1. At a 10 Å Cβ-Cβ cut-off, how would you order Lys47, Lys112, fewest neighbours first?
2. So between Leu44 and Thr69, what do we pick up on full extension, going 0.36 nm a residue minus the alpha carbon distance?
3. Rg to Rh for segment 25-65: what is it, with Cα atoms only and Rh by Kirkwood?
4. Any lysines with Cα under 30 Å of the Lys99 Cα? List them, leaving off those in the same chain fewer than 8 positions away.
5. Lys and Arg at +1, Asp and Glu at -1: add these up for the other residues within a Cβ distance under 14 Å of Thr75 and post the number.
6. How would segment 23-117 be classified by its alpha-carbon gyration tensor: rounded, prolate or oblate, with rounded meaning a/c under 1.5 and the a/b versus b/c comparison settling the rest?
7. Amide H of Asp139: which non-local residues (sequence gap of 5 or more, or other chain) have their own amide H closer than 5 Å, using H built in the peptide plane?
8. Can you tell me the order of 30-41, 100-111, 59-70 when each peptide is scored by its average per-residue count of other Cβ atoms within 10 angstrom, highest first?
Amino acid sequence: MIVKGAVATTIVIIVTMWVSIIKLGHLVKNGKIKTIEKIYLFSLSIKEYQIINFFFSKLKNEVIKIISTHTSQYTHFKIFVIIGNFNEYIDLSIKYSKKVTTAIYSTIIFAKLSVISIYLSYWSSTLSEPYTISSKVTDKYNSSICYLISALCDTSIVLTDITNYYTTFYNSTIPWTIFATIDNIYTFLTSNFLFQKYTNFLTQK
């Protein structure tokens with residue numbers, strides 16, 4: 001999901017001591033909540049980006065586009081940032097600021113607070129680990145419409161490790177349309193979701 005022609009920039013944020021001020025942060029920091037799936041399962045709001053850093057040590061971020069906007073006497077910068085861990089988690093965020101560095105930093109923080117989970121499943125056979133999306137999903141952003149259909153092919157959405165799917169677009173192919181469609185994958189769970197999670201254990205002899 002990298003825009004063609006855009007300069008991809010990786011930003012490194014210096015990690016300082018995390019002092020949590022909310023209940024969820026205290027539970028995560030003290031090991032009471034061991035997986036982020038539990039947070040998503042109960043639809044808990046993540047208000048500290050350190051929670052995401054706690055679960056994802058290899059979270060990668062890239063600035064995919066920077067646009068300067070002029071309003072009266074001031075110039076603001078519009079930053080597009082995408083983050084992901086190459087394994088089922090991704091987010092795309094936009095932020096405005098007068099300074100580029102401030103805009104990039106705040107956009108990365110905002111993106112971490114709204115990371116979404118991708119529910120992987122199978123195309124036909126249920127052998128090995130889940131590798132594609134669970135069902136056909138559709139969504140739109142402005143005038144663009146996107147369909148994602150599970151399939152056996154070698155194309156992929158890079159930062160989420162979804163490696164087998166077909167895409168169909170109407171109008172322009174913009175990243176926001178893909179992201180809005182991906183967000184619909186986790187809106188429902190099928191009955192075999194629990195067994196897919198423990199596929200490696202169940203297939204052991």
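Please treat every number below as a calculation from the coordinates, not as lab data. Worth saying up front: this structure is predicted, and the values here are computed from it rather than measured. As a convention, Cβ positions derive from the backbone with ideal geometry for all residues, glycine included, and neighbour counts pool all protein chains shown.
1. With the sparsest Cβ surroundings first, the list reads Lys47, Lys112.
2. Contour length minus Cα-Cα distance gives 5.5 nm.
3. When Rh is taken as the Kirkwood radius, the ratio is 1.03.
4. Leaving aside lysines fewer than 8 places away in the same chain, those within reach of Lys99 are Lys4, Lys47, Lys58, Lys60, Lys65, Lys78, Lys112.
5. +3
6. Taking the square roots of the gyration eigenvalues as a ≥ b ≥ c, segment 23-117 is prolate.
7. Residues meeting the criterion, in which the H sits 1.01 Å from N, are Cys146.
8. Listed from highest to lowest mean packing, they are 100-111, 59-70, 30-41.
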